[in-house]
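The values are calculated or read from the model by the stated rules, or taken from the named source; none is laboratory data. These numbers come from a predicted model, not from an experiment. FYI the Cβ positions are ideal-geometry reconstructions off the backbone, even for glycines, and counts take in every protein chain you see. Calculation scope for accessible area: heavy atoms of the full protein, side chains included, ligands and nucleic acids excluded. Shrake-Rupley method; radii C 1.70, N 1.55, O 1.52, S 1.80 Å.
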Amino acid sequence: MKKEEFRNLLFQKLLILDGATGTQLQKLGYMHGVSTAEELNIKYPDRIREVHASYLSAGSDIIFSNTFGANKLKLAHYNLENKMEEIIERGVLIAKQEAGKTNSFVAGDISSLGSYLQPLGPISVDLAYENFRQQALLLKQAGVDLIVIETMTEIKELKAAILATKDVYSGPIMVQMTFSYDGASVTGTDILSFIAMAESLNVDAIGMNCSVGPGELLKLAKLMAENTNLPISFKPNAGMPQLINRETVFPGTKEEFVQVAIEAYKSGINMIGGCCGTTPEFISLLSKELKNKKPITRKSVNHHLLSTRTKAVDLNLLQKPIIIGERINPTGRKIFQAELSRNIFSLVKQEARVQANNGANILDVNMGVPGADETALMIQAVNEVQEIVNIPLSLDSSFTDALLNACKHCAGKPLINSVNGETEKLESILPIVKRYGASVIALTVDENGIPKTWQKRLEIAEKILSFADKYSISHEEIIFDYLTLSASSSAEQAFETLQAIKISKEKFPECKTVLGVSNVSFGLPSRQTINSTFLKMALKAGLDIAICNPGENWTIDDEYARTLLENKDPNAKSYISKYSNVQKTQVLDNTKLSAQDKLFNSIINGDKDYVIPFTDEVLKETNNPMFISNEIILKALNIVGEKFNSKEFFLPQVILSAEVAQLAFSHIKPLIKKNIHNKTAKVVMATVKGDAHDIGKNIVTAVLESFGFDVLDLGKNVEAETIIEKAKEFDADIIGLSALMTTTMIEMEKVIELKNISNLKAKVIIGGAPVTKLFAQSINAEGYSKDAIEAANLIKTLLN
């Protein structure tokens, strides 16, 4: 049966399912001579044939094949694992032969492997998947009309079963969990968490069976009906079993059972049958009351769920901003990185608990440790975190393998952080989003980098949505990030970001928006003042989700920060003056200063207006361009570096000083080149392949040129081969490599390997936010620097 046929059938009429198989076999005394019910298929087929026939005679539209435990792990307990193929083939054949007599359908039955998956039990996700895949494939080959995965108590195992079944079977898939009185499975999964995971994997129907009696299960069925648009199956026990005179007795009557079934039907349930203790008599009475009735139409549900094993959150109902806790991230945190390098996760768990207590709705998990196995770390982190907090996870990596495995081990529906507008990324990440039913953060950046205008960012958003359509991903699962840039270097970009959010909400109302808020304050004092003010501005523009530290103060709304973010505070002077301990530079009367002091102060103060005239004055006095370079420009930049390290200066001031120094040096550079006794060091700068970030690299380039180095800037996203080729042509002394993502750092090692193969004399220095000295040593780079000033001094040291 095709999926569409199944859906049409459910729309036309209520379907009657069969009743219990195991307890009916026991009641009839048919379990003697076999070690497990599935063995009947090959040893005493007439016994199981009789049970199927009795339910079909009672009015069942669908019967379940006797393959409940026909997986290798379970059958191995009875030394029947080598009989699995025969057991499944014969079991389905018997059911089909009987069902064919009444034009009924056969559901190939799959259930638990008998042990929990790691970390709750001994079974790995991959082993579970393979066992389910084998069983589903054999059921398909045997010709079942649909597959039912039933009586599941552990959501992670159910997820593995669904994925394995979908990989080999294109027909309808129905999944059923079993719940206790409190509305949760024995491993803590509640109804909404079950719905979130099942819906995300696009099953064709969901439901519940076993555990409790009809009345108790009805309450849960009604709750399910209120929270999903999927067809629902309902197979309760005949009450809770009791031991009377050493016999197991189910106290519920068929009349009680049917009365509850009628209520379930009125609630919009689409398929009804029985589980333990129910008999053909139960199904017969059920058929008389409900068979072929038109299903009750339920009210449509519109939600956007993310989930863990024990909790689901509806993003449509949460108060804005929805908070994604950002603290499970080792970038720039030496102790954190050291722990993870030793496979210790105490800080991961501590950050998870603290952020949960501080009100985070989702937890971002980033395991980008230089030189480490990110895939292994992500798997471990996911397993650790989801067992100690009940908050959905945002899986943060650009490594396809790390994301795929993190999704595989995530016990619920996760958020993926992230994809972007690069075609290669879309084609590698979106299949993972589709396969695992995840939502995904979509960065509006592409092969050309971060667009400067909101219009271009929306164009990338449209491209991402077109690719989502290609992979049949609902637009509701796409959460756009219109990118937060640092106000210290790009204050004008705050408007572009906020405008992009505003227009996006109008153009793509089904898509939520997210920002990494703290990026906006990079390089500035009192960062939280800017972060909080920016968040308030973003919320007004329509922002839904903020990636931030939930433990910070988000009530601040500051006029100085707002003025900066509105691009009304050039170079952040007013803001820095207000919020740093920077002593205002005395306004000097330049008429009373020497030309050298004038040039020196111009560089420190970032004053471009008179730098060329001041430089000419010094040249006229000294006729020595090298003196200007070494004694004025470089010494002024050293002072700037000291002020930056002491937090007296911040990033905007460093950028301005570097630009002024560069102007002065460019003016004297032709004169320096005429000096045949002087050799200017040649530096090739590049951001490595896969990385579209170049702000840091551009700052380093400007400072290096200010220091007098001859710099060839190759730009961003540069192939290793291109870097080596250009270094050869340029006769470079130094190759400077930048990366802002842990996923692109590995390209640095490739450049070094190619350099060594090519026998280049150039020395390699590396830097960038996630890069460390330890990583530099591990890939045999000659140097590491944390900022532009340090890079210049490092080059001087290396060349000397």
task = Evaluate the distance, in nm, between pseudo-label points positioned 7 Å from the Cα of LYS728 and of SER666 along their respective Cα→Cβ axes.
result = 3.1 nm
query = Label GLU86 and VAL249 with points 7 Å out from Cα along Cα→Cβ: what is the distance between them in nm?
reply = 4.1 nm
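What is the extension gain from VAL301 to ASP167, computed as 0.36 nm multiplied by their sequence separation minus the C-alpha to C-alpha distance, in nm to one decimal? Can you show the working numbers first?
Details: separation 134, 0.36 × 134 = 48.24 nm, distance 2.81 nm.
Extending this stretch completely gives an extra 45.4 nm.
Rounded to the nearest 500, what is the chain's calculated 222 nm mean residue ellipticity when only DSSP H runs of at least 4 contribute -39500 (n - 2.57) each, over all residues? Show your work: numbers first, answer last.
Values: 32 runs with 366 residues, N = 800.
Computed ellipticity for the chain at 222 nm equals -14000 deg cm²/dmol.
Whenever you get a sec, compute what percent of the accessible area on region 387-454 sits on carbon and sulfur atoms (1.4 Å probe).
Numbers: 970 of 1970 Å².
So the carbon and sulfur contribution to the accessible surface is 49 percent.
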query = Relative to the present Cα-Cα distance, how much length would full extension add between GLU50 and LYS573 at 0.36 nm per residue of separation?
reply = 179.6 nm
task = For the chain, report the translational diffusion coefficient in µm²/s to the nearest whole number, using Stokes-Einstein at 4 °C, 1.567 mPa s, and a Kirkwood Rh over Cα pairs.
result = 43 µm²/s
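Antiparallel as a % of all DSSP beta bridges within the chain, to the nearest 5? Intermediate values should be presented prior to the final figure.
Details: 8 of 79 bridges.
Of the beta bridges lying entirely in the chain, close to 10 percent run antiparallel.
Excluding TYR181 itself, calculate the net charge of residues whose Cβ lies under 10 Å from the Cβ of TYR181, where each Lys or Arg counts +1 and each Asp or Glu counts -1. Intermediate values should be presented prior to the final figure.
Numbers: positive: LYS219; negative: ASP182, GLU216.
Within the 10 Å Cβ shell, the charges total -1.
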request  = Straight distance only, please: which aspartates and glutamates reach the Cα of LYS320 with their own Cα at less than 15 Å, same-chain residues fewer than 8 apart left out?
outcome  = ASP544
request  = Give the calculated FRET efficiency between ASN357 and MET626 to the nearest 0.05, with a Förster radius of 56 Å applied to their Cβ-Cβ distance.
outcome  = 0.40
inquiry  = Taking 20 Å as the cut-off for C-alpha to C-alpha distance, list the pairs among LYS434/LYS540; LYS72/LYS140; LYS222/LYS266; LYS608/LYS635; LYS3/LYS140; LYS512/LYS540 that go past it.
reply    = LYS434/LYS540
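Report the calculated FRET efficiency for SER57 and HIS475 (r = Cβ-Cβ distance, R0 = 45 Å), to the nearest 0.05.
Numbers: r = 48 Å, r/R0 = 1.07.
Rounded to the nearest 0.05, the efficiency is 0.40.
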query = Among ASN366, PRO625, ILE269, whose Cα sits farthest toward the positive end of the charge dipole of the chain (+1 at Cβ of Lys/Arg, -1 at Cβ of Asp/Glu, about the Cα centre)?
reply = ILE269
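Assuming R0 = 51 Å, can you tell me the calculated FRET efficiency for the pair LYS219 and ASN780, based on Cβ-Cβ distance, to the nearest 0.05?
Values: r = 65 Å, r/R0 = 1.27.
The calculated FRET efficiency here is 0.20.
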query = Gain in length, GLU753 to LYS3, computed as 0.36 nm per residue apart minus the alpha-carbon separation, to one decimal in nm?
reply = 264.7 nm
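Based on the mean of other Cβ atoms within 10 Å per residue, sort peptides 706-716, 779-789 so the most packed one is first. Please report the intermediate quantities before stating the final value.
On the way: 706-716: 21.4, 779-789: 19.5.
So the order, starting with the most tightly packed, is 706-716, 779-789.
Mind scanning LYS2/LYS413; LYS452/LYS716; LYS13/LYS219 and naming the pairs with a C-alpha gap bigger than 18 Å? Can you show the working numbers first?
Working: LYS2/LYS413 26 Å; LYS452/LYS716 16 Å; LYS13/LYS219 23 Å.
Violating the 18 Å Cα-Cα cut-off are LYS2/LYS413; LYS13/LYS219.
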query = How much accessible surface does LYS72 have with a 1.4 Å probe, in Å² rounded to 10?
reply = 80 Å²
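What percent antiparallel are the DSSP beta bridges of region 410-516, to the nearest 5?
Working: 1 of 13 bridges.
Just about 10 percent of them are antiparallel.
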Most positive-pole-ward Cα, LEU498, MET537, PHE522, against dipole of region 429-587 from beta carbon charges = PHE522
